[in-house]
Each structure stands twice: as structure tokens, then as C-alpha cells.
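Some notes on the structure that comes next.
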Amino acid sequence: MSSVQAFHMSYEYKGILTLVFLFMITNLRSQHADRFQDEVLEIQQKYDTLWDASKETIVFTGSSSIRIWKNLDERFPDYQIVNTGFGGSQTSDLLMHSEALVLRFKPKKVFIYEGDNDIAASKKPKAIIATTREVIHRIFAQDPATQIVLISAKPSIARWDLKKHYKKLNRKFKRLSKKEALIEYADVWKPMLNGRKLKEELFIKDGLHMNAQGYAIWYDVLKNYVN
């Protein structure tokens with residue numbers, strides 16, 4: 001085989017690999033877009049009847065710690081609270097569904113809880129912050145006067161071995177909040193600890209999600225940001 005033939009074969013092979021790679025990325029993105037489609041649609045349908053567009057709205061969004069906070073609106077009866085939490089979500093999922101879960105409500109304030117599942121999926125804090133910035137950019141692009149509260153990642157029994165990664169992420173959330181007057185950082189990490197030890201009584205059997213005691217702590221922290 002001549003060197004010219006070898007070059008052309010190599011070039012064609014690289015071209016095939018590139019096409020395969022692009023197909024895989026497109027397919028993964030499609031799957032990624034679809035994996036919360038039903039849940040997002042269900043949330044939309046719920047608030048088609050409950051949401052009053054004439055009232056100021058506060059949106060709580062993010063992963064399952066928000067989704068299963070069942071009495072969230074009862075905790076803040078003087079406000080129109082919209083809970084668009086969707087279980088298992090990561091920051092990239094919130095970015096993808098930001099129109100349906102945040103922007104459509106034209107919120108006065110947005111509470112975001114993401115990063116918990118990202119760290120568990122081995123994503124780097126730097127990458128999580130980059131995606132968080134994109135979410136924030138979209139919110140400010142619609143209304144630069146929107147107030148945003150970044151809720152710190154929480155500690156948990158199930159993911160206690162990842163605590164150093166969560167602490168690093170929380171430091172980055174805090175630094176991010178200091179760069180913009182309308183972004184605040186709400187620390188739920190420290191109140192869920194007893195010194196350096198986790199308050200294990202705050203969790204249900206799975207060791208990841210909180211019981212009423214855990215949510216009572218969250219309420220004590222977040223009420224100051226709601227009001």
C-alpha cells in the first residue's frame with residue numbers, strides 16, 4: 001500500500017469516527033432532554049391551574065430536596081410559591097428546562113437547589129458553577145431585577161464520603177453570590193451539622209432525603225431570604 005493510499009484510508013477512518021462521535025453526542029443530548037420530559041410536563045400542567053400571573057411569584061426549583069418539600073407553600077402563606085423541583089435533576093437539567101420551570105413564571109425571586117446530584121455523578125465543582133452561571137444569565141436576561149438565592153448543597157448520610165467535594169462546591173457558590181448584588185447564598189450545610197458530625201436524625205431511611213426535622217432547619221434558614 002502506498003503512503004498516499006494509507007493517508008486516504010486514515011483520513012476516511014477519522015471521518016467515520018467523527019461522524020460516530022457526533023451521532024453519539026446528539027443521541028445523548030436527545031436522551032438528556034427527554035429524561036425529565038414527563039415530569040416537567042406534569043409540573044407545567046399543575047401550575048396551569050394554580051399559578052396566578054397577576055401575583056408576584058417566588059420560584060423554588062432544583063432537585064428532589066425541593067420536589068419533596070410538600071408543605072413549602074404552607075410555610076410561606078403570604079407569598080405565591082411555585083415549586084418546580086424535579087427529582088434526580090442536575091444543574092444541566094435545570095438549564096435545559098429553565099424556560100418551563102422558571103422563566104414562564106416571571107418570578108420576583110428564584111431559589112435554586114442544584115449541585116447535590118452533580119457531585120454524586122462525579123462532576124467537578126468548577127463545571128457545576130459554569131452551568132449555574134448560565135442558568136443565572138438566562139434569568140437575568142429575562143429580568144435583571146430578579147433576586148436569586150443559591151441554596152448550598154446539603155450534607156447527608158448517603159453522600160457523607162463526598163463531603164469535601166460538597167464543601168468545595170459551597171465555597172464556590174458563596175464566592176459567586178458575592179459577585180452580584182442580586183444573588184445571595186443560603187447556607188443549609190452548617191445548621192445540619194453538630195460540630196463536625198452530621199445530624200443523622202434529620203433523614204429518612206434512604207439517608208439522602210430529609211424528614212420534617214430537616215425541613216424545619218431549611219425553613220429557619222430560608223425564611224430570612226423569602227422575607
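The values are calculated or read from the model by the stated rules, or taken from the named source; none is laboratory data. Computed from a predicted structure; not experimentally measured. We place every Cβ from the backbone using ideal geometry, glycine too, and count neighbours over all the protein chains shown. In case anyone asks, the SASA skips ligands and DNA or RNA and just uses the protein heavy atoms, side chains included. Shrake-Rupley method; radii C 1.70, N 1.55, O 1.52, S 1.80 Å.
The residue pairs whose first member lies in segment 54-67 and is on the phi < 0 side of the Ramachandran plot, whose second member is charged (D, E, K, R) and part of a strand (DSSP E or B), and whose beta carbons are closer than 9 Å, counting only pairs six or more residues apart or on different chains, are 56/109; 57/109; 58/109; 59/109. Within segment 71-88, the set of residues being assigned to a loop (DSSP other than H, G, I, E, B) and out of contact with any Asp or Glu (no Cβ under 7 Å at 6 or more places or on another chain) comprises 71, 76, 77, 78, 79, 84, 85, 87, 88. Here residue 101 meets each of (1) in contact (Cβ under 8 Å) with a residue 60 or more places away in the chain; (2) surrounded by fewer than 24 Cβ atoms within 10 Å (Cβ to Cβ) with one exception, condition (2). Pairs are defined by a Cβ separation below 9 Å, a sequence spacing of at least 6 or placement on different chains, a first member in segment 185-199 that is without any contact (Cβ under 8 Å) to a residue 60 or more places away in the chain and under 16 Å from residue 175 (Cα atoms), and a second member that is open to solvent by 30 Å² or more (accessible area, probe 1.4 Å) and part of a loop (DSSP other than H, G, I, E, B); the pairs so defined are 185/178. Residues that are surrounded by fewer than 18 Cβ atoms within 10 Å (Cβ to Cβ) and of a type in the set (A, V, I, L, M, F, W, C) within segment 41-74 comprise 41, 50, 51, 53, 68, listed in sequence order. Apart from one condition, residue 227 fits all of (1) within 27 Å of residue 71 (Cα to Cα); (2) surrounded by 13 or more Cβ atoms within 10 Å (Cβ to Cβ); the exception is (2). In the set 139, 129, only one residue is open to solvent by less than 80 Å² (accessible area, probe 1.4 Å), farther than 18 Å from residue 58 by Cα, in a helix (DSSP H, G or I) and touching a helix residue (DSSP H, G or I) at 6+ places or on another chain (Cβ under 9 Å); that residue is 129.
Looking only at residues in segment 171-198 that are among the aliphatic types (A, V, I, L, M) and in a loop (DSSP other than H, G, I, E, B), the one that is surrounded by the most Cβ atoms within 10 Å (Cβ to Cβ) is 188.
Of the residues making up segment 37-68, those that are closer than 20 Å to residue 150 by Cα, in contact with a strand residue (DSSP E or B) (Cβ under 7 Å, 6 or more places away or on another chain) and not in a helix (DSSP H, G or I) number 8. Every condition in (1) open to solvent by less than 50 Å² (accessible area, probe 1.4 Å); (2) under 30 Å from residue 106 (Cβ atoms); (3) among the basic types (Lys, Arg) holds for residue 159 except the one numbered (2).
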